[in-house]
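To start, the structure under review is shown below, and the notes come after it.
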Amino acid sequence: MKSMGVTYQKQPQRATWDRCRLCGRRPKLGTTGHHLIPRTCHRRKWFRRHFSRERLRQTIDVCRDCHRAIHQLIPDEKELGRRYNTLDQLAAHPGMQRFLVWVKKQK
């Protein structure tokens, strides 16, 4: 797209921007990116041996409520990276299951 001699590039559409990957709601403020393996763990040898760079950089789009709940229910980042590093594993956490049932009833 050109305007007065300046070239602007269209921003790529993010397919999951309008919906949270955990609760499925459409937040008014959009979603935030959650690293499935926390960035503080990326330099640790165990994580570098077990996961590729692409896997370490993988994120999911979640609403702010779900993002806050993830870090409140699983405060240990090593545990979050080792045991809950996929969307299915996060959703299977007992505390997250209770939270998701509650949050899906909210507006």
Answer yes or no: is there a residue in the stretch 36-53 that is touching a residue at least 12 places away in the same chain (Cβ under 8 Å) and within 21 Å of Val103 (Cα to Cα). yes
Among the candidates Gly5, Gly33, Gly24, which residue alone is modelled with pLDDT of 90 or more and at positive phi? Gly24
Looking at (1) at pLDDT below 95; (2) surrounded by fewer than 13 Cβ atoms within 10 Å (Cβ to Cβ); (3) part of a helix (DSSP H, G or I); (4) not polar (S, T, N, Q), which is the one condition that is false for Leu80? (2)
Among the numbered criteria (1) under 13 Å from the mean Cα position of the chain (by Cα); (2) modelled with pLDDT of 90 or more; (3) surrounded by 12 or more Cβ atoms within 10 Å (Cβ to Cβ), which one does Asp88 miss? (3)
Got a number for residues in the stretch 18-35 being touching a strand residue (DSSP E or B) at 6+ places or on another chain (Cβ under 7 Å) and either without any contact (Cβ under 8 Å) to a residue 24 or more places away in the chain or within 18 Å of Gln89 (Cβ to Cβ) (or both)? 6
Considering residues that are over 20 Å from Ala91 (Cα atoms) and either acidic (Asp, Glu) or at pLDDT below 90 (or both), the number found within the stretch 36-74 is 1
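Quick check on this structure: which one of Arg43, Arg21, Arg25, Arg49 is assigned to a loop (DSSP other than H, G, I, E, B) and exposed (fewer than 12 other Cβ atoms within 10 Å of the Cβ)?
Arg43
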If you take the residues in the stretch 56-74 that are of a type in the set (D, E, K, R) and in contact (Cβ under 8 Å) with a residue 24 or more places away in the chain, which one is surrounded by the most Cβ atoms within 10 Å (Cβ to Cβ)? Asp61
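The values are calculated or read from the model by the stated rules, or taken from the named source; none is laboratory data. Nothing here was measured: the structure is a model prediction, and the numbers come from that model. Virtual Cβ from ideal backbone geometry, glycine too; neighbours counted across all protein chains shown.
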